[in-house]
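Just so it is clear, none of the values below were taken in a lab; they were calculated from the coordinates. As the structure is a prediction and not an experimental result, all values here were calculated from the model. Cβ placement follows ideal geometry from the backbone for every residue including glycine, while neighbour counts extend to all protein chains displayed.
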Amino acid sequence: MIIILQPHVTTQSPEFDALRNHIANLPRVQMRVHEERGSQQTLTEIYLIGDTAALDKDDMASLPGVERVVRVSREYRVLGRHHDDQRPSYFEYNGVRFGQDNFNVFAGLCAVDTPAHVEEMMRTLRDYGQVCTRMGAYKPRTNPYAFQGHGKACLPYVFELAGKYGIKVIAMEVTHDRHVAEIHEALHAAGNPTGVMLQIGTRNTQNFELLKIVGRQREFPVLLKRGFGITLEESLNAAEYLASEGNRNVVFGLRGMKTNMGDPHRNMVDFAHVPVVKRLTRMPVCIDPSHSVGSRDRGPEGLLDVFHVTAQGIIAGANMVLVDFHPQPPKALVDGPQALLFNELPHFLEDVAIAREAYEKRVAAAARYA
Ligand code: PEP
Ligand code: MN
């Protein structure tokens with residue numbers, strides 16, 4: 001059960017003390033408090049955990065200071081969509097909205113290699129009106145001898161160039177709590193010219209200690225990739241780890257599943273789960289066509305498979321696309337075979353806009369037929 005307090009009631013208010021005393025007297029019920037600080041006001045929620053089935057929703061809602069009560073009917077207490085649940089399905093970060101009702105493109109380098117490539121990428125994005133990108137600094141690699149990313153050494157120029165070209169959010173994978181601190185420090189040292197969305201990669205979806213650390217910080221939103229060899233439910237529970245620790249600014253990323261059934265694609269594309277994740281949770285859903293397809297192969301009409309699956313995810317309602325670009329894919333240090341070329345960006349964006357418009361028309365038609 002979730003008790004949402006009236007906007008003026010905080011943990012300092014007398015109403016809160018009274019509620020805490022009331023809850024302390026309920027048998028086998030514990031409480032956890034979550035404060036969501038917005039620019040205008042702080043919203044306080046009390047999560048009741050334990051034996052809550054016998055509690056009367058209306059009784060709880062009538063207590064002083066309570067705005068409304070949501071009974072948690074399924075799993076994913078914080079991020080889930082529950083009956084009568086009007087909690088928002090969006091958040092804002094650094095001036096960019098991430099919601100189940102809008103759409104953002106994160107085109108960029110799978111791995112940062114040279115400052116020149118970072119600058120060329122960001123200039124191209126700026127030229128096409130983009131304010132988000134992806135830039136890998138810490139790369140988890142299958143082969144221990146493969147390039148592991150430039151790590152914190154590249155952060156100063158990545159952040160400075162992002163500021164120069166008006167990039168507001170960079171998706172960047174972290175694999176260790178130290179990386180979160182390094183990103184925080186480098187951003188601060190550069191004068192916070194941009195923002196970062198911390199990415200938890202598919203190999204770390206169930207790294208619970210990393211999830212707890214990333215969930216405890218509220219500075220950066222998180223893109224959690226679905227684990228490539230676990231169930232959707234297990235991955236959604238991983239997202240709930242982040243939220244249960246306090247950070248509910250989470251985007252859920254589909255990136256394909258590891259099985260040879262998807263051959264010749266690198267992974268089995270799982271974008272049919274876009275509406276499923278939106279139905280079960282309030283998280284915006286990202287698709288990663290690059291790591292799903294893994295190649296620059298194209299259909300007989302000339303469209304790359306990466307374009308096709310992107311359109312498939314967007315027409316199903318995806319809210320974000322994370323896509324690899326590189327100026328010279330054969331020379332890329334990581335994942336070159338799947339990278340789009342810089343001069344393919346305008347075509348990609350046009351194709352994306354066509355798919356998004358088709359999705360919006362489908363939603364309008366559904367409303368007419370409802
Ligand atoms: C990535 O986006 O660079 C990446 C490594 O993705 P994934 O964790 O999905 O393999
Ligand atoms: Mn990659």
Peptides ranked, highest mean first, by Cβ atoms within 10 Å: ranges 82-90, 175-183, 282-290
282-290, 175-183, 82-90
In region 226-370, what percentage of the DSSP-assigned beta bridges are antiparallel, given to the nearest 5?
25
Theoretical ellipticity at 222 nm over the chain - DSSP helices of four or more residues, -39500 (n - 2.57) apiece, nearest 500
-10000 deg cm²/dmol
How far apart, in nm, are the 7 Å Cα→Cβ label points at Val29 and Ala353?
5.3
Row for region 92-369, column shape: gyration tensor on C-alpha, a ≥ b ≥ c, rounded if a/c < 1.5 i.e. under 1.5, prolate if a/b over b/c, else oblate; value rounded
Separation in nanometres of the label points that stand 7 Å from Cα toward Cβ, at Glu233 and Asp297:
3.3
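Beta carbons within 10 angstrom, averaged per residue: use that to sort the peptides 233-240, 254-261, 218-225, 52-59, highest first.
Working: 233-240: 20.1, 254-261: 17.2, 218-225: 22.1, 52-59: 11.2.
Averaged packing, sorted descending, gives the order 218-225, 233-240, 254-261, 52-59.
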DSSP loop (so not H, G, I, E, B), at most 15 other Cβ within 10 Å: list which chymotrypsin sites (Phe, Trp or Tyr not before Pro) in region 140-217 pass both filters.
Tyr145, Phe147
Pairs to check: Lys139/Lys225; Lys139/Lys331; Lys168/Lys331; Lys225/Lys258. Give those whose C-alpha atoms are more than 19 Å from each other in this structure.
Lys168/Lys331
Just to verify a number: FRET efficiency for Glu75 and Arg279, C-beta to C-beta distance, R0 = 22 Å, to 0.05?
0.95
